[in-house]
Structure formats: C-alpha cells, structure tokens
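Everything below concerns the one structure shown next.
The values are calculated or read from the model by the stated rules, or taken from the named source; none is laboratory data. Worth saying up front: this structure is predicted, and the values here are computed from it rather than measured. FYI the Cβ positions are ideal-geometry reconstructions off the backbone, even for glycines, and counts take in every protein chain you see.
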Amino acid sequence: MEERMRYCLELANVALTFGEVPVGCIFLYKDEIIAEGRNNVNETRNATRHAERNCIDLIVERNENWKEILAETTVVVTVEPCIMCAALLHSLNIPKIIYGCNNDRFGGCGSVMNILPFYNTVCDITRGVLKDEAMTLLQTFYKGTNPNAPASKVKTKKKK
Amino acid sequence: MATDAAGDLPPAKRLKSSCVPPSPIAVLEDEYCWTHAPLVDVYVAKVGHKSFIGSTMNTLKTVLPMADSMAHLKRVRGDEIVLAPVASISRDDCIRLMSSRLPHLQPTLATCQVPAVAPKTRAQHLDATAYWPCNFHPVKPIERLLAGEFFDVEELQAQRRRMQLAVEAAREKQSPVAAVVINPRTDAVVAVAVDERRQNPSHHAVMLCLEKVAEVQRILFRDGKLGSRPAGGLAAEAQPSVDDDSADGGVRSSSGDDELPYLCTGFDLYVTREPCIMCAMALVHSRVRRVFYGCCTEQGALGSKCKLHRQRQLNHRYLAFKKLMEEECRTLEAFDS
C-alpha cells in the first residue's frame with residue numbers, strides 16, 4: 001500500500017506547486033485506479049474542491065453505476081479526510097479509507113470529530129501510512145502566507 | 001405573513017405590532033441551552049460569627065483553593081462557606097482540616113447541592129441561584145438571541161422574503177430542497193440552487209450554491225473587476241484564523257465594504273431544511289456568516305445530530321437559525337422520493 005500512497009504524495013506535490021494545499025488522493029476499484037485527484041481550492045475559488053470530492057465527480061461523470069462502484073471502492077489519501085469529505089465518503093458507503101497524516105484542523109475521522117457513528121455504514125480506516133511525508137508537505141505549505149486570505153483582524157479591547 | 005403596514009409606524013411602536021413575523025430560533029451551544037442546572041454535592045460549614053468570614057476565606061485560599069471548574073460559585077452565602085466538592089476530599093480529611101486550620105468554623109459539616117456548571121444566561125442564572133449564589137456575566141447578543149429579539153422587523157421580513165425565494169425555486173424544480181446565498185449588505189442574491197443529488201451524490205442544494213458563488217467570483221476576478229488578487233495563493237480552507245468574525249461566528253456585523261469578496265465571508269445562506277454534516281462543514285470551509293433553515297432533519301448537523309457550526313476546534317464558526325417558515329419548507333417533503 002506504500003506504493004499507492006507514494007503516488008498520492010506525488011499528486012499532493014503537484015498541488016503544492018500550484019499553490020494549493022498539498023493533498024493527493026486515488027480511488028481503487030478491484031485494485032485498479034479509477035480516479036485520481038488533488039486539491040484545487042484556490043484555482044476554483046471554491047473551498048469545497050478537495051481531492052476526494054474531485055475524484056468522486058470524475059467517477060460519477062464516467063460511470064452510470066457510480067453508486068455500486070463507490071460502495072466497493074478503496075480511498076487512498078495523503079491526509080485524513082476533513083469532516084465534509086468524510087461525510088460524503090460515509091454517505092456513499094465507501095468500505096475502506098487509507099490515509100497518511102492526521103488533519104488536526106478539519107479531520108472527520110477522529111482528529112476534530114469522528115463522524116462515522118452518524119452514518120449507518122461500516123468503514124475500515126487505516127491511518128498513518130507514510131504520514132511523515134504527507135505532514136512534511138503540509139508543513140512546507142503552511143510556512144508560506146496566504147495572499148488570498150483577508151487581513152487578520154487584530155483583537156482590540158472592547159470599549160464599554 | 002408580514003405586511004408593509006409596520007413600515008409607517010415610528011420605530012418604537014413597530015416591535016409590538018401584530019404583523020411582526022416570528023423570529024427564527026437561534027441554535028446555540030449546549031452550554032446556553034440547559035434549563036435545569038446539573039448539580040454537584042459540596043461540603044458547607046458555618047462560621048461562628050460573620051466577622052470571621054474574611055480571615056477564614058484567606059486561609060481557605062491556601063488550604064482548600066476552589067477548583068477552576070467551580071469558579072462560578074460564590075464561596076459564601078450568609079454565614080455559610082463552601083469548602084470543597086464532596087468528590088475531591090473525604091469527610092474525615094475535611095473535618096481534620098477544619099479543626100487544625102479553620103478555627104472559626106463551627107465543627108458541623110453539611111453537604112449541599114450546588115450548580116455544577118456556570119450559568120451562561122439570565123434564565124440559567126435564575127435557576128442556578130435557587131441552589132447557591134453564582135457569578136454571572138450576561139452576554140448581550142446571546143440574551144437577545146435567546147429572547148428572539150436579535151432582529152428588527154425589517155430584517156425579519158427580509159429573511160422571509162429570502163426563504164420564499166428558496167421555497168419557490170424548490171417548487172419550480174420539484175426538488176425537496178433549495179438554498180439561496182445572500183449578500184446581506186446589498187440584499188443581492190448571489191446564488192440559488194436546488195438539490196440534484198440523484199445526478200451526483202455531492203450535489204446537495206448547499207454545495208451547488210457554493211459552487212455558484214465560486215463561479216461568480218472566478219468571473220469577477222478574471223475580468224479584473226475586483227483588483228488583482230492572485231488566484232494561486234495558499235488555500236483558504238486550511239488557513240488558521242483568529243479573526244474576530246470567525247471567533248464570534250457572526251454575532252457582530254461582518255467585514256466592511258472595502259474588502260474584496262472572499263469565499264462566502266459576510267454572506268448568509270437560506271436553505272429549506274437543516275443541512276447535513278457535509279454541507280454544514282462546507283459552509284465552515286466557505287466562511288459563511290449566518291445560516292437560516294426551515295425544518296429540522298434527522299441527519300442535520302446544525303442542531304439535530306450535532307452543532308457543527310459552533311465546534312470550537314474549527315477555524316470558523318457561524319450562527320444558525322432554525323424554523324424560518326418551517327411549515328412552507330416542510331411541504332417540500334412531498335418532492336422527496
């Protein structure tokens with residue numbers, strides 16, 4: 001599985017070179033890659049354009065029976081899926097998720113919340129595959145500053 | 001339904017007029033929601049004379065300091081003093097301490113039920129102080145939210161108008177859900193979308209609205225109408241934020257006119273039913289200001305299953321209001337299949 005994860009890390013690296021949060025992801029069906037994706041939030045100005053969601057869109061576009069396919073698909077992703085993506089994956093009965101490092105800011109598989117109990121499904125989740133590499137990529141990204149974010153408002157004492 | 005009649009009255013009379021629409025209900029953190037204080041047992045002793053309260057309190061500060069979790073309790077009530085939670089010290093140890101270090105306390109040790117958590121609202125304070133005096137600092141916006149006095153008549157009417165847009169969009173497309181994004185500063189409709197999850201599992205009405213907001217902003221930035229902020233910056237969704245708007249989740253008004261649009265900052269979303277976890281989190285990522293919804297859903301993440309919009313670990317929070325035109329929104333369930 002490390003080999004698969006290395007491929008995801010390459011996708012994450014591509015995201016990084018485009019100034020995106022470095023997260024890469026593949027979807028495996030019968031051990032074949034049926035979709036690959038990365039974050040493109042900045043390019044699209046859409047904060048919901050995460051790697052996992054982009055993969056799902058590809059699969060839905062290409063397959064009429066996407067529901068059946070997804071219910072037998074393994075997701076490999078460099079970073080723990082955020083709460084939004086985890087919700088989407090669980091709602092599609094994805095049986096297996098393998099991820100690298102934890103997502104302390106947004107993680108939906110335990111880091112911020114574990115949302116699996118909210119869904120009537122089972123999901124086998126493997127954590128920590130090549131997590132140091134995934135984390136190093138994230139750290140490289142966060143060392144920069146975000147030119148798209150609004151100026152942070154310094155907290156001032158309220159006058160009463 | 002609201003009418004325009006209220007517009008002719010002087011402001012002071014408007015609020016009491018019969019045509020004021022009912023306020024949607026704020027969905028606040030659990031700590032604001034309890035009506036009966038959870039209780040905990042504490043040891044209480046009496047001082048022989050009230051003039052000894054000061055010196056006894058001084059000694060207590062060192063021998064039995066109050067835990068932070070009990071900081072909401074006033075330590076003294078009349079001639080009674082709270083010594084410690086029953087769970088924190090044995091009765092014998094407590095009596096031993098009293099006889100060795102607290103000579104002005106009477107030797108009988110009573111237990112008393114006191115509020116286990118701090119009261120956060122006036123109503124909670126009233127309930128809690130029936131057991132024991134508590135410290136309390138009212139937060140004005142919270143009190144107005146709880147009392148349903150957060151919005152004036154114009155706002156309440158505008159909210160219904162906007163939800164009506166969503167209801168009509170859903171009816172037109174025969175969809176069970178629709179959502180609308182509004183820029184409240186200009187009253188402009190930024191996006192409208194209905195549920196299309198049968199075509200694509202992530203195409204819930206909220207997600208499609210966010211897609212359309214992004215589309216509008218891509219066009220505006222591409223055409224250079226909004227300055228030249230580069231598109232290839234670091235991602236918004238992952239940027240830790242400590243700014244005021246996100247910390248108070250839209251209790252105060254949002255950013256000024258001088259700012260370029262950034263995702264859904266300062267925008268409000270109206271949706272006919274309570275968003276699911278995916279949509280609620282997408283709204284966190286998009287930094288929406290407020291969410292108004294019609295009816296609650298079993299899988300809802302803004303009050304039913306959880307209160308995702310108030311999760312403290314997340315870098316953005318927003319206000320959520322439920323039961324705006326609940327009846328009309330519920331009729332859309334007929335389009336569920």
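With the condition kept exactly as written, say whether any residue in region B:90-103 is surrounded by 12 or more Cβ atoms within 10 Å (Cβ to Cβ) and of a type in the set (Gly, Ala, Ser). No, there is no match, as no residue in region B:90-103 is surrounded by 12 or more Cβ atoms within 10 Å (Cβ to Cβ) and of a type in the set (Gly, Ala, Ser). Can we say B:Asp195 is crowded, with 17+ Cβ neighbours inside 10 Å and of a type in the set (Asp, Glu)? Yes, satisfied.
Against the numbered list (1) more than 12 Å from A:Ala47 (Cα to Cα); (2) at pLDDT below 65; (3) crowded, with 18+ Cβ neighbours inside 10 Å; (4) more than 16 Å from the chain's Cα centre (by Cα), B:Cys276 comes up short only at (2).
Screening B:Val27 with (1) β-branched (Val, Ile, Thr); (2) over 30 Å from B:Glu327 (Cα atoms); (3) modelled with pLDDT of 95 or more gives one miss only, at (2).
Here B:Glu149 meets the list (1) at pLDDT 95 or above; (2) in a loop (DSSP other than H, G, I, E, B); (3) acidic (Asp, Glu) almost entirely, failing just condition (1).
Condition test on A:Asn46, is it modelled with pLDDT under 95, crowded, with 18+ Cβ neighbours inside 10 Å and of a type outside the set (A, V, I, L, M)? Judged against the criteria, A:Asn46 is not a match.
Being out of contact with any Pro (no Cβ under 8 Å at 6 or more places or on another chain), within 14 Å of another protein chain (Cβ to nearest Cβ), under 25 Å from B:Leu263 (Cβ atoms) and not in a loop (DSSP other than H, G, I, E, B) is the requirement here; does B:Leu165 meet it? Talk me through it step by step, then tell me what you get.
Details: out of contact with any Pro (no Cβ under 8 Å at 6 or more places or on another chain): yes; within 14 Å of another protein chain (Cβ to nearest Cβ): no; under 25 Å from B:Leu263 (Cβ atoms): yes; not in a loop (DSSP other than H, G, I, E, B): yes.
Judged against the criteria, B:Leu165 is not a match.
Pairing each residue of region B:143-158 that is without any contact (Cβ under 8 Å) to a residue 24 or more places away in the chain with any residue that is buried (at least 19 other Cβ atoms within 10 Å of the Cβ), provided the two are 6+ apart or on different chains, yields C-beta distances under 6 Å for B:Arg144/B:Phe150. Within region B:271-288, the set of residues being touching a Ser or Thr at 6+ places or on another chain (Cβ under 8 Å) and facing another protein chain (nearest Cβ under 7 Å) comprises B:Cys276, B:Met278, B:Ala282, B:His285, B:Ser286.
When the criteria are applied in full, A:Leu58 fails the requirement of being at the interface with chain B (Cβ under 10 Å from one of its Cβ atoms) and over 14 Å from A:Leu137 (Cβ atoms).
Taking each residue of region A:121-144 that is within 13 Å of chain B (Cβ to nearest Cβ) and looking for partners that are among the small types (Gly, Ala, Ser) and outside any strand (DSSP E or B) with beta-carbon atoms closer than 6 Å, six or more apart or interchain, yields A:Leu137/A:Ala12.
Looking at region B:29-68, which of the residues that are assigned to a helix (DSSP H, G or I) and in contact (Cβ under 8 Å) with a residue 60 or more places away in the chain is surrounded by the fewest Cβ atoms within 10 Å (Cβ to Cβ)?
In this case the residue turns out to be B:Asp30.
The single condition among (1) in a helix (DSSP H, G or I); (2) surrounded by 14 or more Cβ atoms within 10 Å (Cβ to Cβ); (3) modelled with pLDDT of 95 or more that B:Val216 does not meet is (3).
For region A:88-106, does any single residue satisfy the condition of being aliphatic (A, V, I, L, M) and surrounded by fewer than 19 Cβ atoms within 10 Å (Cβ to Cβ)?
Going residue by residue through region A:88-106, those that are aliphatic (A, V, I, L, M) are A:88-89, A:92, A:94, A:97-98.
Still in the running and surrounded by fewer than 19 Cβ atoms within 10 Å (Cβ to Cβ): none.
Looking through region A:88-106, none of the residues is aliphatic (A, V, I, L, M) and surrounded by fewer than 19 Cβ atoms within 10 Å (Cβ to Cβ).
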